[in-house]
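The structure appears right after this line, and notes come after that.
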Amino acid sequence: MVSNGRGRFIGANFVLLARQKQWANIVNLDKLTYAGNLATLRSLAGDRGHHFIQGDIGNRELVRYILDRFSVSKIINFAAESHVDRSIVAPDSFIQTNIVGTFHLLEVAKNYWQHLSEPENFRFLHISTDEVYGTLGFSDPAFTEETAYAPNSPYSASKAAADHLVRSFHHTYNLPTLTTNCSNNYGPYQFPEKLIPLTILNAYEYKPIPVYGKGENVRDWLYVADHCQAIYQVLTKGIPGETYNIGGESEKQNLEVVETICTILDEIAPQKTDRKSLITFVKDRPGHDLRYAINCEKIKQHLGWQPQENFSSGIRKTIEWYLHNPDWIESVRSGAYRQWISQNYDKR
Ligand code: NAD
Ligand code: TYD
């Protein structure tokens, strides 16, 4: 199995869970972009079922070599440029990795699969996002797998393009692909540029907490371990050519998310003044999608998956994880990330 996404968030959580549960041996290809973090998979040192290779999904020669050398039977494509705000400031790498990189990976996978002696066991699972569906009004029905694509940011447009390429490789060449479109994830090892880890760290350290616009935007929060379990179920039981929506059934307005984190931290580490006083409303994100909501009936009915965490249990676990892992936080805050933030985010 090849899994791209080592140092960062969802791929790293999947690799850790997969090894812990002995789901499979993993070959882990990752470019280690601006904040690839050597600390994340430290617990796998010495694990003979896990190989890490630093490289780009767009490097056909390298990917070909890995597939042959390790007789890979499943590819999961976690690799991406993933942060909407970065895609607004500098979209080039999103096009390069999310579209062109996925295309190269598909091409190599197709040629490899066509020469396998047991091609029926091969799968190409592409990890995508609910953001490809665009935005919803407060009372619109949630996105289903049939909702038309209408991406609004360079990030979501690049993911939509990749999803279409994956679809076309199934339709045209019969490559056994699967696509998952999930909602906003949260949990251990998430880079502190996204709303939840940023808020946890700023609130804990008693720094301003930036909330875009009025804080009314809604996201459906999915605990990362639930997402990883869903990925495994799609990989092992999903029907090639199908797409599956994955959501946490936990829609929240941003302000509620931020206030909940403040309240929990006030309880765990009280300060003289409530942390809600740190909330700072800042200029809205350009083209900010109002609401995402996932209807995940298909994966529930067809594959028997459902989220185990609700938002109040998941957010507590997440806060506790960040408070107990200062070394990891320090390692992601050093170097390139700090420099990028200071150049692009003077509001912080
Ligand atoms: P992340 O940014 O934390 O991690 C992405 C990983 O991809 C990093 O380890 C990075 O080094 C690697 N990478 C980037 N470019 C690469 C390249 N060219 N070759 C090889 N490796 C490369 O992202 P994440 O939050 O873990 O997201 C993983 C996937 O899930 C992405 O496809 C993203 O679009 C999707 N997704 C994420 C969320 C979320 O809330 N985090 C929600 C929906 C979908
Ligand atoms: P984010 O974590 O960047 O995920 P996405 O844009 O993929 O949904 O943002 C989640 C929501 O939080 C989104 O509506 C933007 C908002 N947000 C803030 O209000 N302040 C912040 O500092 C960040 C990073 C996000």
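Comparing mean-square fluctuations of V27, V332, V282 from a GNM of the chain with C-alpha springs under 10 Å, the top value falls on V282. When only Cα pairs below 8 angstrom with a gap of at least 6 residues are kept, the chain shows a relative contact order of 18 percent.
Using the Kirkwood radius over Cα pairs, work out the Stokes-Einstein diffusion coefficient for the chain at 10 °C and 1.306 mPa s, in µm²/s as a whole number. This corresponds to a translational diffusion coefficient of 77 µm²/s. Its convex hull of Cα atoms gives region 92-148 a direction-averaged projected area, equal to a quarter of the hull surface, of 5.8 nm². Taking each pair of different alpha-carbon atoms in region 141-242 once, compute 1/r for the pair, average those values, and report the inverse of that mean as the Kirkwood hydrodynamic radius in Å to one decimal. Over region 141-242, the inverse of the mean reciprocal pair distance is 16.4 Å. Dividing the mean sequence gap of close Cα pairs (under 8 Å, 6+ apart) by how many residues region 33-119 holds gives a relative contact order of 36 percent. FRET efficiency for the F70 to T172 pair, using the beta carbon distance and R₀ = 35 Å, is estimated at 0.85. Using a cut-off of under 18 Å, list every residue of region 167-182 whose amide N is near the label point 7 Å from the Cα of E120 along the Cα-to-beta-carbon line. Those under the cut-off are 174-177. Can you give the angle from 0 to 90° between the axis of helix 60-69 and the longest principal axis of the chain, with both taken from C-alpha atoms, to the nearest 10? Relative to the chain, helix 60-69 is tipped by roughly 70 degrees. In this simple spin-label model, placing a label point 7 Å from the Cα along the Cα-to-Cβ direction at both Q253 and E61 gives a separation of 5.6 nm. Could you point to the residue in L265, T129, G49 farthest towards the positive end of the chain's charge dipole, with +1 and -1 charges on the Cβ of Lys/Arg and Asp/Glu respectively? After comparing all options, I get G49. Overall, the anisotropy analysis places region 43-111 in the oblate class: the square-rooted eigenvalues a ≥ b ≥ c of its C-alpha gyration tensor yield a/c not less than 1.5, with a/b not exceeding b/c. Temperature 4 °C, viscosity 1.567 mPa s: under these conditions the Stokes-Einstein estimate for region 238-287, based on its Kirkwood radius over C-alpha pairs, is 90 µm² per second. The trypsin sites (Lys or Arg not before Pro) found in region 245-279 that occupy coil by DSSP, while having at most 15 further C-beta atoms within 10 Å, are K272. In the context of the full set of protein chains, residues of region 135-288 present 41 Å² of accessible surface per residue (probe radius 1.4 Å, heavy atoms only). Per-residue extension of 0.36 nm, minus the Cα-Cα distance of S277 and W23, leaves a gain of 86.9 nm for this segment. Restricting the trypsin sites (Lys or Arg not before Pro) of region 35-130 to loop positions (DSSP other than H, G, I, E, B) with no more than 12 neighbouring Cβ atoms within 10 Å leaves R48. Considering only beta bridges that DSSP places wholly inside the chain, some 10 percent are antiparallel. Around the amide H of S153, modelled in the peptide plane, lies no amide H under 5 Å away from a residue 5 or more places distant or on another chain. Here the ratio of the Cα radius of gyration of region 36-187 to 2.2 N^0.38 Å is 1.13. Just to check I understand the Karplus step: with θ = phi - 60° and J = 6.51 cos²θ - 1.76 cosθ + 1.60, what whole-Hz values come out for region 140-145, glycine and proline as x? Here the 3J(HN,Hα) series is 5, x, 5, 5, 10, 5 Hz. Treating r as the C-beta distance of E146 and D266 and R0 as 45 Å, the FRET efficiency rounds to 0.55.
The 3J(HN,Hα) values that the Karplus relation (6.51, -1.76, 1.60; θ = phi - 60°) gives for region 156-171 are, in residue order, 5, 5, 5, 5, 4, 4, 5, 4, 5, 4, 4, 4, 5, 5, 6, 5 Hz. Gly and Pro appear as x.
Close Lys pairs in region 151-254, defined as Cα atoms under 18 Å apart and 8 or more places apart or on different chains, number 5.
Counting only Cβ charges, +1 for Lys and Arg and -1 for Asp and Glu, the dipole size of the chain around its Cα centre is about 700 debye. 7 Å from Cα along Cα→Cβ at both V89 and K110: what's the point-to-point distance in nm? The answer from the label model is 3.6 nm. Only Lys, Arg, Asp and Glu carry charge here, each on its Cβ (+1 for the first two, -1 for the last two); on that basis region 136-202 has a dipole of about 180 debye about its Cα centre.
The values are calculated or read from the model by the stated rules, or taken from the named source; none is laboratory data. It should be emphasised that the depicted structure is a prediction, and the values quoted were computed from it without experimental measurement. Don't worry about glycine lacking a Cβ; one is built from the backbone with ideal geometry, like all the others, and counts go over all protein chains shown. Please note that ligands, DNA and RNA were not included when accessible areas were found on the heavy atoms of the full protein model with its side chains. Shrake-Rupley method; radii C 1.70, N 1.55, O 1.52, S 1.80 Å.
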